[in-house]
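Heads up: the structure comes next, in structure tokens.
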Amino acid sequence: MATVPPVIRPAAAADAARMAEIEQRLFAADAWSRAQVDDELARQTRWYAVADSDGAVMGYAGLYLSPPDADVQTVAVAPEAQGCGLGSRLLTAAVDAAWAAGCTRIFLEVRADNDAALALYDRAGFRRLGRRSRYYRDGTDAVTMRLRRNEPPELGVAHG
Ligand SMILES: CC(C)(COP(=O)(O)OP(=O)(O)OC[C@H]1O[C@@H](n2cnc3c(N)ncnc32)[C@H](O)[C@@H]1OP(=O)(O)O)[C@@H](O)C(=O)NCCC(=O)NCCS
């Protein structure tokens, strides 16, 4: 990773190419195309931020805002920048943005086999609601999660 500590800033249309490149590297067949990233960034109901390391986008997070609810569209960190706290910082920025937009609940779906993402969301205080069977194209289940504004931490999870 570059030596300059990344800043979290609002995403701009000019970030789409690099975001689509990271999508491809992380999600392969399930990656958003460049056109889908362009479309996401252009929508009024969306909020996107990127982690910018001296002009290089290393990760991003996005929300669908529909107060009082928000949905996490994605959290993604380039492989070479993972494990350094960027995912956490991006998710914190997304949660703050949802509350600032007047939302009181944030929902998400995550692959049941994605241990890194499940741990990230658990640590941020999201609670597991249930599973959606064979939700993803390859037959993997989704775990559904929710964070409520001002929800007390779950015993046994947040005090570890
Ligand atoms: C999930 C993802 C965004 C995490 O980003 P990251 O920058 O590596 O995460 P951080 O360094 O901020 O770590 C935050 C927490 O996530 C969890 N975590 C991160 N990587 C992990 C791993 N490989 N295994 C287990 N837990 C992990 C840990 O709880 C960690 O907290 P800790 O370091 O205090 O234990 C990143 O791995 C990624 O982009 N994965 C591919 C895309 C993806 O699956 N996105 C989520 C679904 S849309």
For the chain: rounded, prolate or oblate by the Cα gyration tensor [a/c cutoff 1.5]: rounded
18 Å cut-off, amide nitrogen to a point 7 angstrom out along Asn114 Cα→Cβ, residues in the range 3-24: 19-24
Fewest-first ranking of Ser33, Ser88, using other Cβ atoms within 10 Å as the exposure measure: Ser33, Ser88
Between 0 and 90°, nearest 10: helix 16-27 axis offset from the chain longest Cα axis: 50 degrees
Other-chain or far-sequence residues with amide H under 5 Å of Gln73's (modelled H): Gly62, Leu63, Tyr64
The chain: angle of helix 86-100 to the longest principal axis, Cα-based, in degrees nearest 10: 70 degrees
Potential lengthening between Arg149 and Trp99 on full extension [0.36 nm per residue; Cα-Cα distance subtracted]: 17.3 nm
Residues whose placed amide H lies under 5 Å from that of Gly59, excluding near-sequence neighbours: Ala51, Ala78
3J(HN,Hα) from dihedral phi, the range 41-54, Karplus parametrisation 6.51/-1.76/1.60, rounded to Hz, x for glycine, proline: 5, 7, 6, 4, 7, 9, 10, 10, 10, 10, 9, 10, 10, 6
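Since every read-out is calculated from the coordinates, none of them should be taken as a lab result. This structure is a prediction, so every number in the text was calculated from the model and none was measured. Quick reminder, even Gly has a Cβ in these numbers, built from the backbone with ideal geometry, and neighbours come from all protein chains shown.
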